[in-house]
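All of the numbers you see were taken from the coordinates with simple rules; none came from a lab. As the structure is a computational prediction, the values presented were derived from the model and not from experiment. Note: ideal-geometry Cβ built from the backbone for every residue, glycine included; neighbour counts use all protein chains shown.
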Amino acid sequence: MEIYNHPTFHMACQQFDFVADHLEIPEFERPRLKYPKRAMAVSLPINCEDGSTRVYSGYRVQHHLTLGPSKGGLRFHPDVTMGEVAALAMWMSWKCALAGLPYGGAKGGIACDPHHMPLREVERLTRRFTQEMIPFIGPQVDIMAPDMGTNEQVMAWIMDSYSMHMGYSVPSIVTGKPIALGGSLGRREATGRGVAHLVQRAAETIGLNLHNATVAVQGYGNVGAIAAQTLAGFGARIIAVSDMSGGVVNLRGLDLEQLARHLAETRTICGFSGGDTVSNEDLLLLPCDVLLPAALERQITEKNAGEIRCRILAEGANGPTTPAADLILAQRDDVFILPDILCNAGGVVVSYFEWVQDLQSFFWSEAEVMQKLFQILDQAYDRVWQNARAEKISMRTAALCVGIQRVREAKAIRGLFP
Ligand code: GLU
């Protein structure tokens, strides 16, 4: 499939093929499971604040529609391509299936740099993208959510544009909305808190005391920051954090409140006086108990996998570890991996709760949301851990096996139309 040609898509396919071999899925069944059902590419012309017109490229990939609507985030980043989005959509499928959600996977993106655009241009771009997507989305078709570079405000614009088209309010068209528009309590924090909860489970499994445990976080966005704050609440010491501009390290532990003030003022970690500077690459090599990549894909590769010095690798990002790195990590028995489709599933689980609440117009308390979230994550963790032990396979293979098998079973039972 030429249109998906991208290293991240090849990586997702490699993972799939590995698991398909393990599960002995016959060759003829594989393409139907592996390749996306639908992919859209759109040109998005917008009027810029300086009077010029600029055309952006937007993408949406719906990986499968077998179990219900497709579900997944919308990413604004300069490097977004169809292939990257397709890989992320495939991972959403396995993630939703692992958590037992009635969704297929999807992902979208616009190649743009929202941090260096006037807000009104970001708004126009979002609204134009929603307009172009109208034939392909809907609360029973495909539901978007925040991802890298997008937030609650972007979701509000999507909800407004779609609702204006329909002629009435449709909150269930997106999740991760502001609470005032039918968003769920706890959605913003869900991914990071889920990561921290699963780190706690992993720490119990390997006998690590989180009190005073050291944590390094690559990517201090919504996921990384909330996970770090929650882990600090469990008594852990956050020794390093980073963003696109680089990172800071302080082995005695960073003062997260001071860091939050610095970020509120400058919007970048760069220049924070509470630690020494460290590059994004070197942060990954710091000796620590928990290493939390929460930024882009393909950060842990065959080049650095032998050198990382953590006990738990908690994948807050999607696809941070390449298959080649996995092979190296499998040779070492000192790193316990919480694979992405398990580790960061908290976000889409609470997105599902938000969608259910919107469809019923009946809203839950934050305590109810969190209790149900941890219940689903615990079930998924137990299932993956048991599978990994019973079959003597890695946590990643075990997690992918559960997700892929569920989708495979649903496709087999539905059969082929016509
Ligand atoms: N973008 C998030 C993810 O990668 C959340 C998707 C959603 O909530 O639909 O899982």
Inter-residue pairs, beta-carbon under 7 Å, first at positive phi and in segment 140-155, second more than 9 Å from the ligand (Cβ to nearest atom) and assigned to a loop (DSSP other than H, G, I, E, B), 6+ apart = G149/H77
Positions within segment 172-191 being away from the ligand (no atom under 12 Å from the Cβ), in a loop (DSSP other than H, G, I, E, B) and either loosely packed, with under 15 Cβ neighbours inside 10 Å or touching a residue at least 40 places away in the same chain (Cβ under 8 Å) (or both), in sequence order | G182, L185, G186
Are there any helices (runs of 4 or more DSSP H) wholly within segment 71-171 with 1 or more residues that are more than 29 Å from I376 (Cβ to Cβ), touching a Phe, Trp or Tyr at 6+ places or on another chain (Cβ under 8 Å) and within 16 Å of the ligand (Cβ to nearest atom), and if so which?
-> 119-133
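Restricting attention to segment 315-347, which residues are in a helix (DSSP H, G or I), away from the ligand (no atom under 16 Å from the Cβ) and closer than 13 Å to E297 by Cβ? Break it down into steps so the answer makes sense when it comes.
Quick first cut of segment 315-347, residues in a helix (DSSP H, G or I) only: 323-331, 340-343, 346-347.
Within this subset, residues satisfying the condition of being away from the ligand (no atom under 16 Å from the Cβ) are 323-331.
Of everything in segment 315-347, those that are in a helix (DSSP H, G or I), away from the ligand (no atom under 16 Å from the Cβ) and closer than 13 Å to E297 by Cβ turn out to be P323, A325.
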Condition met for V384 (crowded, with 24+ Cβ neighbours inside 10 Å, in a helix (DSSP H, G or I), away from the ligand (no atom under 16 Å from the Cβ) and touching a residue at least 60 places away in the same chain (Cβ under 8 Å)) | yes
Just checking, how many residues over segment 208-228 are surrounded by fewer than 24 Cβ atoms within 10 Å (Cβ to Cβ), polar (S, T, N, Q) and in contact with a strand residue (DSSP E or B) (Cβ under 9 Å, 6 or more places away or on another chain)?
-> 3
Note down all Cβ pairs under 7 Å where the first residue falls in segment 255-283 and is over 19 Å from P293 (Cβ atoms), the second is of a type in the set (F, W, Y) and surrounded by 15 or more Cβ atoms within 10 Å (Cβ to Cβ), and they're at least six residues apart or on different chains.
-> H262/F272
